[in-house]
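Rule-based calculations on the coordinates, nothing more; no lab input. Note that this is a predicted model, so its numbers are computed, not measured. In this analysis, Cβ positions are derived from the backbone assuming ideal geometry, glycine residues included, and neighbour counts consider all displayed protein chains.
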Amino acid sequence: MLYALHEYAYHAASPLRLAAQMARQFWGSTANPASDTAMGRTLYASAELFANLTKRYGKPAWGIDAVEIEGVDVRVRQVTAWSSPWCRMIHFARDRNDLRRAGRAQFEPAVLIVAPLSGHYATLLRGTVKQFLKDHEVYVTDWTNARQVPVLEGRFDFYDYIDHVREMLRALGSRPHVVAVCQPGPPTLAAAALMAEDGETSRPASMTFMGSPIDARLSPTVTNKLAEEKPFTWFKSNMIHTVPAPYPGVGRRVYPGFVQLYSFMSMNEERHVDAHWDYFGNLVKGDGDSAAKHQEFYDEYLSVLDLTEEFYLQTIDVVFQQYLLPKGELMHKDGRRVDCDAIRDIALMTVEGAEDDISGVGQTQAAHKVCRNIPADKRELLVQPGIGHYGVFNGRRFREEIYPRIRDFIRAADEIQSLPIAAE
């Protein structure tokens, strides 16, 4: 019912939104002599704000056509390297001729960046991808909005997520590298453990976890406390809704993206309200640069996708309530226990933000305790001061301080790889 009401509210606002768009064009036109008056700018700002608050934010474009390497603009194109109804693995393929002109004749390490499936699209990692492209062959998991997947395609749960990561690593060949950002940490670690136990040649050479809830019992945040305080049945009764027509996934039970978005925004409600008031003021003042930065951020932030009921509820249960992976009690759907002790020759790096209010300090570095058999010279632990959750994988501090550490860690792991370990 809530999903249907949400759709009704969007369509009911269409006449007002259309009127606001027309007013925006009228008061923003240079042909209108009153457009540069205080009244004109105020009316334009009001119309712009209303139109943006009530419009539908679709999936953003990646917008990565080139990356600068050694002073050379290297062209980039997107290629689907693997796909299922639930995900595409996108290869950001760099032009080989351009790379040669940049002095990069040799193939560089293949890195799979596992994007979160927690409400936002993978494009939230645009800055992360751009940085990795300077030194790596980059692949990214581009998850599908659950409301776009017909019910006939079946279910997608936490354990399917693990298997998707395994399949994508296999598609990359021998000993790729994997970087998990936030939510994917536990299922990615589980995938690596299963591949290590089986002695797969495509098991990763290194794994990097960034702001991930490997052990959510440590340094609990508001998000963790909510998951602990509410019974599992509360999440099932209050957070799950049915996709309405005319979406392809009509009838599918999902955790809607707009519910997740409201949850995120309510955590910092005052900050978002202030940001929109500043946006309005900048439009009135004619500060186009500041207004454009605001719009760029919220075009991404307000674009959300739905999660399947089973994936969302199992994540709550497995990661945030029972803590099965760090306790060594996670059972895969094939009946096997996920044994992180099987990981012996996969290098491990953890990255945390000292001010992270989503995954508290200690939750990610718990991977070092869970993976007991990784040699000390294959480990690296980084707690970056002065940054929060978003700064772990994006922004100036990421580009200048965090990424160089990850790059050097991957290079070292790529150069020194142990012989494959036979399955026990």
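Where in the range 301-331 does the amide nitrogen come within less than 18 Å of the point 7 Å from the Cα of Arg217, taken along Cα to Cβ? Within reach of a label on Arg217, which here means backbone N under 18 Å from a point 7 Å along Cα→Cβ, the range 301-331 contributes 316-331.
For Val383, the amide hydrogen comes within under 5 Å of the amide hydrogens of Glu352, counting only partners 5 or more places away or on other chains and with H modelled in the peptide plane. Which trypsin sites (Lys or Arg not before Pro) from the range 287-354 combine a DSSP loop assignment with at most 13 other Cβ atoms within 10 Å? Answer by residue number: Lys327, Lys333, Arg336. Multiplying the residue separation of Thr233 and Glu400 by 0.36 nm and removing their Cα-Cα distance gives an extension gain of 55.7 nm. Applying the criteria of a DSSP loop state and at most 15 other Cβ atoms within 10 Å to the GluC sites (Glu not before Pro) of the range 276-368 yields Glu329, Glu355. Simple spin-label estimate for Asp287 and Glu329 gives 5.3 nm between the two label positions (7 Å along the Cα-to-Cβ direction from each Cα).
Between Ile69 and Val74, the built amide H atoms are under 5 Å apart, and every one of these is 5 or more places off in sequence or on another chain.
The convex hull defined by the C-alpha atoms of the chain has an orientation-averaged projected area of 22.4 nm². Compared with the direct C-alpha span, the chain from Ser174 to Lys225 gains 14.3 nm at full extension, assuming 0.36 nm per residue.
In the range 45-196, the DSSP beta bridges split such that about 70 percent are antiparallel, to the nearest 5. Considering every alpha-carbon pair of the range 37-152, the percent of pairs per 10 Å bin, from zero through the bin containing the longest distance, is 12, 34, 23, 17, 11, 2, 0. Each of Thr42 and His11 was given a label point 7 Å from its Cα along the Cα-to-Cβ line. The distance between the two points is 3.7 nm. In this structure the amide hydrogen of Leu348, modeled in the peptide plane, comes within under 5 Å of the amide hydrogens of Met207, Arg379, Glu380, none closer than 5 places in sequence on its chain.
In the range 84-168, inverting the average of 1/r over every pair of distinct C-alpha atoms gives 14.5 Å as the Kirkwood radius.
Derived value for the range 272-396: Kirkwood hydrodynamic radius 18.3 Å. Basis is the mean of 1/r over every pair of different alpha-carbon atoms.
Distance between the 7 Å Cα→Cβ label points at Arg271 and Asp339: 4.3 nm. For the range 145-224, averaging the sequence separation of C-alpha pairs within contact (under 8 Å, six or more residues apart) and dividing by the residue count gives a relative contact order of 33 percent. For the range 135-262, the average shadow cast by the Cα convex hull is 10.2 nm², which is a quarter of the hull's surface. Note on the range 10-87: percent of Cα-Cα distances in each 5 Å bin, starting at 0 and stopping at the bin with the largest distance, equals 3, 13, 14, 11, 10, 9, 10, 13, 11, 5, 2. With N counted as the residues of the range 217-261, its alpha-carbon radius of gyration over 2.2 N^0.38 Å works out to 1.47. Summarising the strand pairing of the chain, around 50 percent of its internal DSSP beta bridges are antiparallel.
Note on the chain: Lys pairs 8 or more places apart or on different chains, Cα atoms under 24 Å apart, count 15.
For Arg372 and Gln25, what does the FRET efficiency come to when R0 = 56 Å and r is the distance between their Cβ atoms, rounded to the nearest 0.05? Result of the calculation: an efficiency of 0.35. Seen from Asp306, the other residues with C-beta closer than 11 Å to its C-beta sum to a net charge of +2, counting Lys and Arg as +1 and Asp and Glu as -1. Full extension of the chain between Ala245 and Val383 gives 45.1 nm of extra length, using 0.36 nm per residue less the Cα-Cα distance. With a cut-off of 14 Å between beta carbons, the residues surrounding Phe297 carry a summed charge of -3, where Lys and Arg count +1 and Asp and Glu -1.
Computed over the range 216-291, the convex hull of the alpha-carbon atoms projects to a mean area of 8.5 nm².
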